[in-house]
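Read-outs throughout are calculated quantities, based only on the coordinates presented, and are distinct from any laboratory measurement. Given the structure is predicted, the values throughout are model-derived calculations rather than measurements. Heads up, the Cβs are rebuilt from the backbone with ideal geometry, glycines too, and the neighbour counts pull from every protein chain shown.
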Amino acid sequence: MIRLRLAARTGYGAPMTDQIPFWRRKTLQEMTKAEWESLCDGCGKCCLIKLVDEDSGEVDYTDVVCHLLDTDTCRCTNYKKRNQLVPSCVILSVDTLEHLPWMPTTCAYRLLHEGKDLAWWHPLVSGDRNTVHAAAASVRHRVIPENLVEDEDLEDHIVDWPK
């Protein structure tokens, strides 16, 4: 009798060894820059324009996205200079994560911060960058670039699907 052992896949196609994946064995603070960056699932939800009620602090998501977001790939078109080009763009870090309750509940950074695991469709789990789109967990084909919407019309674009 021959036993075959199937290896699960992690990373972007890297075969999984008996070692526990980095996101399960390291804290967010212990991760390298590359590991931290790889946590982004490419959903684009953090790039949605959000409206915050000044009195209650309640956050409403819109289907309007930052003009730098490529709405097909759900990736920033100028990631390195995003904060210079869009000063209101929040640079996510271990320190800022604690103060960003509006981060989507599916966000890997938020999930790990809350002691949860990554979703099955996350590219580090599935080994495929497209599962986030196949699982309808991204903003692909659901959003409008901000340069096509007037500020006074943003309330007309409030949606509940990112939550």
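For the pair ASN147 and ASP53, what calculated FRET efficiency results from E = 1/(1 + (r/R0)^6), where r is the Cβ-Cβ distance and R0 = 22 Å, to the nearest 0.05?
0.35
Taking the radius of gyration and the Kirkwood hydrodynamic radius from Cα positions alone, what is the Rg/Rh ratio for the stretch 70-130, to two decimal places?
Ratio of gyration radius to Kirkwood radius for the stretch 70-130: 0.99.
If you look for lysine pairs in the chain that are eight or more places apart or on different chains, how many of them have Cα atoms under 24 Å apart?
Here the count comes out as 13.
For the chain, how big is Rg over Rh, using alpha carbon atoms and the Kirkwood form of Rh?
Radius of gyration over Kirkwood radius for the chain works out to 1.02.
Quick one: compute the contact order of the stretch 9-159, relative version, from alpha carbon pairs under 8 angstrom and 6+ residues apart, as a percent.
36
How much space per residue, in cubic angstrom, does the convex hull of the C-alpha atoms of the stretch 105-163 take up?
109
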